[in-house]
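Below is one structure, written out as structure tokens, with a few remarks after it.
Rule-based calculations on the coordinates, nothing more; no lab input. Values in this document were obtained by computation on a predicted structure and should not be read as measured data. With ideal geometry, Cβ positions are generated from the backbone for all residues, glycine too; neighbour counts draw on all protein chains shown.
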There are 2 protein chains.
Amino acid sequence: MFFEGAEKKLELQLKSAAASLRQLPQPFWAEFVACANAEILSHIHNDFCDAYLLSESSLFVWDDRLLLLTCGKSTLVTAATWVIENLAVDDIASLRYQRKNEYQAQLQASTFADDISQLRHYLPGLAYRLGHLDLHHHYFFFAEHAKVSSDSRFELLMYHIRGELADYLNTAVQTEEGVLKRLQFDGLLNDFQFDSHCFSPFGFSLNGIRGEDYLSLHITPQGKHQDNCSYVSFETNLNSQSLLNALLGHLLGLFSPSGWDVIELNLPSLTINQPQYSCLSQSKLTTVLGTIIGFRQFQQCDTETLIPQLL
Amino acid sequence: MFFEGAEKKLELQLKSAAASLRQLPQPFWAEFVACANAEILSHIHNDFCDAYLLSESSLFVWDDRLLLLTCGKSTLVTAATWVIENLAVDDIASLRYQRKNEYQAQLQASTFADDISQLRHYLPGLAYRLGHLDLHHHYFFFAEHAKVSSDSRFELLMYHIRGELADYLNTAVQTEEGVLKRLQFDGLLNDFQFDSHCFSPFGFSLNGIRGEDYLSLHITPQGKHQDNCSYVSFETNLNSQSLLNALLGHLLGLFSPSGWDVIELNLPSLTINQPQYSCLSQSKLTTVLGTIIGFRQFQQCDTETLIPQLL
């Protein structure tokens, strides 16, 4: 039942003179995500953004940028090199490539080091690790060649979820409507258009768009089995500090994770007041072109008593 | 400069009627450790124990049991299957095989799952994981076929060491005498016979024996480089609670790790009073034949601010 929920992320921004990415036909995006061993399950769109729900996570396409998240054993770097080859390299203002440390790194098709050596064939860039190797850590590769319009991203990554919603997600009977209702986003995320999918036997994905805003929520709920690999990721380009704080508190309340990470891209550090958790480590990085990445890892304050897992 | 300090461990105990392991000639042990890609650098012995210092950690041989620790990319399971084949399987009362989660699991020759599927060709047994996958965790395989004489082990595993001794160990000029002096074991570990080795460019190993007692200390000091993979392991079959507490405090004071694990085999849980650290998780396991393994992970209470590592 092991499933690697941790996402790999590719973000590409084009120079302002480049043709719109949204002019590209859907078969282009189907081939793109197929390179990562993913497929398009459904999509929604508005005047600014096309959001594709994938068999392994999500693809968002705006006129001048794209964001592809893939989880499991997906081969995101292959999609990255494919899209670089199929766009004009000179049109690329910025490429960011990101990997979280996986629960089971040895099951992945490649390491981050392998991936960036492929990317560097196309685009020079700098790579970093934020976080100690023995705890949560995240890898970033930045190939930034021109200033891009201001963008931001807030990521909340939750590990080992517990409680009613976690229990519900581990049953065989969950439905999209059932999960959405239990997420209780009303009042927090008004006017968003949502697209969601329940996977068999477990797993739930949600894309949401509103104008240029996006959000993405992916749940790997497996917590009742030997692998105990439950993981939930939430990310958005919403940047209101009060809204982000409300979302953080809401999601922590819903999922009651034993630990979680916050990653902030071009955002001031959120003032976090979650007294039941303590911050184990933090790290911040500013790239040559001024992109700021902040990472913090939080863990519940009380000692967690774990049941030995029979393998 | 990356080096995987995490040890794999093999412990074998023979039935009382079996011939003494110490009768086996040194070439036997040289071939044994060579199966794990290690070699014997030096050895010490007394009336109860032969202690071999290896290119990757340590081998201890008593009349009725052996303990082989190997680090780096060593292939301990190959040594395990070799020794099972070269001893009489029916003489084996108990085999324990143990792996810590590595800093870089994807660099290892095999996974724990691979290893136990090999071991199960020879000996049935149960395998467990103690600890969450996203934090420190340890794998154990127990093939226990007969009660063995009471044995105990205390392990202290320290991550990300800091301070004067860490700085000294990261210089090119450390010597065995220099490290031993700085370890300040006088008064704590009297009458032990020591054997130690400094590795080039970094690394230090120490074996100690006194009667049937043993201890082993292995230092991977690399903390000044991008990999920041410093790691120190200490283990012993000493079982005095007051002495173990004194050793714990002494070693934490010397190495000032950002986090550490305690593993206790057939020992009551040490009452730990280290207020600058908090316990993130604990887990305890009792095997069918009554072997008790306890695991606890401690992390410094204050948020650690980490410098992004350029890769």
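For a quick check, take a GNM of chain A with Cα springs below 10 Å and name the residue from A:LEU189, A:LEU265, A:LEU123 with the largest mean-square fluctuation. With Cα springs under 10 Å in chain A, the top fluctuation among A:LEU189, A:LEU265, A:LEU123 is at A:LEU189. Counting neighbouring Cβ atoms within 10 Å and putting the fewest first, the residues A:TYR122, A:TYR103 line up as A:TYR122, A:TYR103. Distances between copies at A:LYS147, taken between label points 7 Å from Cα along the C-beta direction, are 7.9 nm in increasing order.
My understanding is that a pair violates if its Cα-Cα distance is over 20 Å; which of B:LYS100/B:LYS284; A:LYS15/A:LYS73; B:LYS73/B:LYS100 do that in this structure? Cα-Cα > 20 Å for A:LYS15/A:LYS73; rest within.
A convex hull fitted around the alpha carbon atoms of the protein assembly as shown yields 150 Å³ per residue. Here's the picture: a label point sits 7 Å out from the Cα of B:ALA146 along the beta-carbon direction, and within the stretch B:54-84 the residues with their amide nitrogen under 14 Å of it are B:64-65. Between this copy and the others, label points of A:THR271 are 4.2 nm apart in ascending order, each placed 7 angstrom from Cα in the Cβ direction.
Legend: ranking of residues A:MET158, A:MET1 from fewest to most surrounding C-beta atoms inside 10 Å; resulting order A:MET1, A:MET158. Take every pair of alpha-carbon atoms less than 8 Å apart whose residues are at least six positions apart; their mean separation over the length of the stretch A:187-311 yields a relative contact order of 17 percent. Note on chain B: helix-only mean residue ellipticity at 222 nm, from DSSP H runs of 4+ residues weighted -39500 (n - 2.57) and normalised by residue number, equals -5500 deg cm²/dmol.
Mean projected area of the convex hull spanned by the Cα atoms of the stretch B:8-300, taken over all viewing directions: 14.1 nm². Using 0.36 nm per residue and subtracting the Cα-Cα separation, the extra length available between A:ALA17 and A:GLN118 on full extension is 33.7 nm. Each part reduced to its alpha carbon centroid, the stretch B:86-157 and the stretch B:1-55 end up 16 Å apart. Per-residue 3J(HN,Hα) values for the stretch A:207-218, derived from phi via the Karplus relation 6.51 cos²θ - 1.76 cosθ + 1.60 with θ = phi - 60°, read 10, x, 9, 7, x, 7, 6, 9, 8, 8, 10, 10 Hz in sequence order (x marks Gly and Pro).
Counting 0.36 nm for each residue step from A:LEU107 to A:GLU164 and taking away their Cα separation leaves a gain of 17.5 nm. Taking amide H atoms as placed 1.01 Å from N in the peptide plane, the amide H of A:LEU280 lies under 5 Å from those of A:GLN297, A:PHE298, A:GLN299, each 5 or more residues away in sequence or on another chain. Plainly put, the tip 7 Å out from Cα toward Cβ on B:GLY211 is 7.8 nm from that tip on each other copy, the closest given first. Go ahead and set up a Gaussian network model of chain A, Cα springs under 10 Å, then flag whichever of A:PRO27, A:PRO257, A:PRO124 fluctuates most. Result for chain A, Cα springs under 10 Å: A:PRO27 fluctuates most. Listed from fewest to most Cβ neighbours within 10 Å, the set A:VAL262, A:VAL173 follows the order A:VAL173, A:VAL262.
Here the relative contact order of chain B, from alpha carbon pairs under 8 Å that lie six or more residues apart, stands at 18 percent. Where a ≥ b ≥ c are the square roots of the eigenvalues of the C-alpha gyration tensor, would you call the stretch B:80-201 rounded, which needs a/c under 1.5, or, failing that, prolate if a/b is larger than b/c, or oblate? Verdict is prolate for the stretch B:80-201.
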